[in-house]
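**Q** Okay, here's the structure, questions in a sec.
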Amino acid sequence: MVNEQLIKKCIKGVKSAQRTLYLNYAKKMFVVSYRYTNQKEDAEEIVSEGFIKIFQNLSKIVYHDEVRLQAWMKKIIVNECLMFLRKKKRMIYDEHEVRFLETRPEVESTLALKDTLKAILSLPVGYRTVFNLYVIEGYSHKEIAQKLNIAESTSRSQLTKAKTMLQSRIAKTNL
């Protein structure tokens, strides 16, 4: 269990405490990273780099509770994902608008979580990144535009295209 005492030990550099913190959150952070990269090795690399930053910056936060700690760690991992994708130059944005199609309720109710993740992972990197940041992480288009160094309209366009592509793929799997 993660608590303030464990965090203090991590800050002091106690390896067993750092290992405990890592083991408590590595899988969750891997899932976040994998949603962006769709590659196991890349996601593992990002988690490793992310935890280095987490341990380096742990002394800068005030521990309130496990929920806030996890949110802070997740933010670091998401930023690591974005930096990784920029380095790999794998984020491609298209300025052309696509008409948004409403999701049919019967499709939403029958789609399994596994199928949803599979569909998200199949999106092109740019679409997937904006979709993850907006829908899953809760960033606004303005924040996404700043993080990715793109126009807000590009963020909106990428989200629209991601939703359209997801709807198309979901409809095909439910036919």
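Throughout, read-outs are computed from the coordinates displayed, never taken from laboratory work. Quantities reported herein were computed from a predicted structural model and do not represent experimental measurements. With ideal geometry, Cβ positions are generated from the backbone for all residues, glycine too; neighbour counts draw on all protein chains shown.
**Q** Over region 1-77, what lengths in whole Å, largest first, do the semi-axes of the equivalent ellipsoid take, defined as the square roots of 5 times the eigenvalues of the alpha-carbon gyration tensor?
**A** Numbers: eigenvalues 94, 30, 22 Å².
In descending order, the three semi-axes are 22, 12, 10 Å.
**Q** Could you list, in their original order, any pairs among Lys40/Lys87; Lys53/Lys74; Lys87/Lys118; Lys8/Lys53; Lys114/Lys163; Lys12/Lys74 whose Cα atoms are separated by more than 20 Å?
**A** Exceeds cut-off: Lys87/Lys118; Lys12/Lys74.
**Q** I need the phi-derived Karplus couplings for region 26-36: 6.51 cos²θ - 1.76 cosθ + 1.60, θ = phi - 60°, integer Hz, Gly and Pro marked x.
**A** With the stated coefficients, region 26-36 comes to 4, 5, 5, 6, 4, 4, 4, 5, 5, 4, 8 Hz.
**Q** Direction-averaged shadow area of the convex hull around the Cα atoms of region 111-175, nm²?
**A** If you wrap the Cα atoms of region 111-175 in a convex hull and average its projections, you get 4.0 nm².
**Q** Right, another one. Cβ neighbours within 10 Å, averaged per peptide: list 15-27, 160-172 in order, most packed at the top.
**A** Going by the mean number of other Cβ atoms within 10 Å, highest first, we get 160-172, 15-27.
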